[in-house]
Amino acid sequence: MTLIPHCKVLDMQAEEVSDEGVLLSLQGDKRFVGNAEKQLIHGGVLTVLMDTACGSAAILGLEQPEVCPTVDLRMDHYRAAEAGRRLYCRAWVTRVASQIVFTEGLIWQDSELPIAKGTGTFMRLGGERTPKGFAEHLFGQEAG
Amino acid sequence: MNESDLQGGQLGQRLSAEAVNTWFDRIPYGQLLGVKALEAEQDLFFELAANSSNVGNPLLPALHGGVIAAFMETAAILNVMAYSGGQRVPKVIDFSIDYLRSARLQPTWAACELGRLGKRVVNVSVTAWQGDQKDQPVALARAHLVWPNDS
């Protein structure tokens, strides 16, 4: 996460990486507010978190990591996210096809109250278009 | 028209880019990204500054896809505020983005179009492009927002 400049700005952390998917988190800092009057986190911060989580899950869902740009992403905002609290996003792969990886994700602050649901579709660029050491570069520091 | 006269489903006269740019203390993350409103040929549009902090792939370098989405969502929010008196920041119900091209580290532009405006919900389409290639957008997005009634 520290290698992706905007994820570093958000101080995004990888909490868990497994075959089941990824769990990322970030602190709902006041710089990330989208409604100052109500002290709510900007929906765009949730979208960055979701895109990063779904993209990470997509790459990790492949046998050999490939570069996977986002084709499209949809966010459903179930309820507002409060500033000053930590946000968690779990993302997982629903289907790996020959050229596409389908993913879903969920964001929450209280585990029983989902804040946003995301659906992300990613394109596989294939091993030959993926730089050597890509996986180590991306995940070496956090996932080991 | 005064904003207090606005009813659900009623478009106000559009406020100026200058007015829109006074709202960023209410939307700190928009300011962090480097968003501002501009006006050209009677149209309101938005700029995302080419800040290196917005990069997602440092190898290309390319903007973070989530940042482009956040910029386009901010554009949709400010566009709705510009037509609804600007008193309240509207809630976003859902947001969907299609990425058409990789966005390089250069200024990005966005323009919004209000689709159907119901009593409570407004549909907004957003186009984002770089350089003067508005006909080759980097992303297309659509969102539903709650129309910010003051009542």
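The values are calculated or read from the model by the stated rules, or taken from the named source; none is laboratory data. A quick note: this is a predicted structure, and the numbers were derived from the prediction, not measured. Using ideal geometry, Cβ is built from the backbone for each residue, glycine included, and neighbour counts are taken over all protein chains shown. These area figures cover heavy atoms from the full protein model, side chains too; ligands, DNA and RNA do not enter into them. Shrake-Rupley method; radii C 1.70, N 1.55, O 1.52, S 1.80 Å.
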Self-check item: Using a Förster distance of 35 Å, the FRET efficiency for A:LYS132-B:ALA49 (Cβ separation, nearest 0.05)
Solution: 0.55
Exercise. Pairs of Cα atoms under 8 Å, at least six residues apart: use those to get the relative contact order of chain A, whole percent.
Key: 25 percent
Quiz prompt | Surface share of carbon and sulfur [accessible, 1.4 angstrom probe, percent] for chain B | solution = 46 percent
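Let me spell out the model: positive unit charges on the Cβ of Lys and Arg, negative unit charges on the Cβ of Asp and Glu, origin at the Cα centre of region B:1-118. What dipole size does that give, in debye rounded to 20? Don't skip to the answer; put the middle values down first.
Details: 8 positive and 12 negative charges, 63 e Å.
Dipole of region B:1-118, to the nearest 20 debye: 300 debye.
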Practice problem: Could you calculate the contour length gain from B:ASN21 to B:GLN133, that is, 0.36 nm times the residue separation minus the distance between their Cα atoms, to one decimal place in nm? | Solution: 37.9 nm
Quiz item: For B:17-26, what's the mean count of beta carbons from other chains sitting within 10 Å of each residue's beta carbon?
Solution: 1
Quiz item: Once the Cα atoms of helix A:43-60 and of chain A are each reduced to a long axis, what angle between those two axes, in degrees from 0 to 90 to the nearest 10, is obtained?
Solution: 20 degrees
Quiz prompt | Buried on assembly, region A:74-91 (at least 50 Å² less accessible surface than by itself, 1.4 Å probe) | solution = A:ARG74, A:HIS77
Exercise. List the residues of region B:88-104 that lose 40 Å² or more of accessible area once all protein chains are present, compared with their chain alone (1.4 Å probe, heavy atoms only, no ligands or nucleic acids).
Key: B:VAL89, B:ASP94, B:PHE95, B:TYR99
Quiz item: What number, in percent, do you get for the relative contact order of chain B if the mean sequence gap of Cα pairs under 8 Å and at least 6 apart is divided by its residue count?
Solution: 26 percent
Quiz item: Hey, what angle do you get for helix B:65-83 against the long axis of chain B, alpha-carbon based, 0 to 90 degrees rounded to 10?
Solution: 20 degrees
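Among the GluC sites (Glu not before Pro) in region B:38-69, which ones are in a DSSP loop with at most 10 other Cβ atoms within 10 Å of the Cβ? Mind listing them?
B:GLU41
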Practice problem: State, to one decimal in nm, how far the label point of A:GLU15 lies from the label point of A:ALA36, with both points 7 Å from Cα in the Cβ direction. | Solution: 3.0 nm
Quiz prompt | For region B:35-55, residues shielded by at least 20 square angstrom of accessible area compared with the chain on its own, probe 1.4 Å | solution = B:SER53, B:VAL55
Self-check item: Per residue, in Å², the accessible surface of the protein assembly as shown once ligands and nucleic acids are set aside, probe 1.4 Å
Solution: 47 Å²
Quiz item: Quick one: buried accessible area between A and B, total over both chains, 1.4 angstrom probe, nearest 100 Å²?
Solution: 2400 Å²
Exercise. Take the Cβ-Cβ distance between B:LEU38 and B:ASP94 as r, set R0 to 30 Å, and report the resulting FRET efficiency rounded to the nearest 0.05.
Key: 0.65
Self-check item: Percent carbon-and-sulfur accessible area, region A:5-138, ignoring ligands, DNA and RNA, probe 1.4 Å
Solution: 48 percent
Quiz item: Relative to a virtual label point 7 Å from the Cα of A:ARG79 in the Cα→beta-carbon direction, which members of region A:91-108 show backbone nitrogen distances below 17 Å?
Solution: A:106-108
Quiz prompt | Cα-centred dipole magnitude for chain A, charges only on beta-carbon of K, R (+1) and D, E (-1), debye, nearest 20 | solution = 380 debye
Quiz prompt | Set A:LYS117/B:LYS36; B:LYS36/B:LYS91; B:LYS36/B:LYS134; A:LYS132/B:LYS134; A:LYS117/B:LYS134 screened for pairs whose C-alpha atoms are more than 26 Å apart | solution = A:LYS117/B:LYS36; A:LYS132/B:LYS134; A:LYS117/B:LYS134
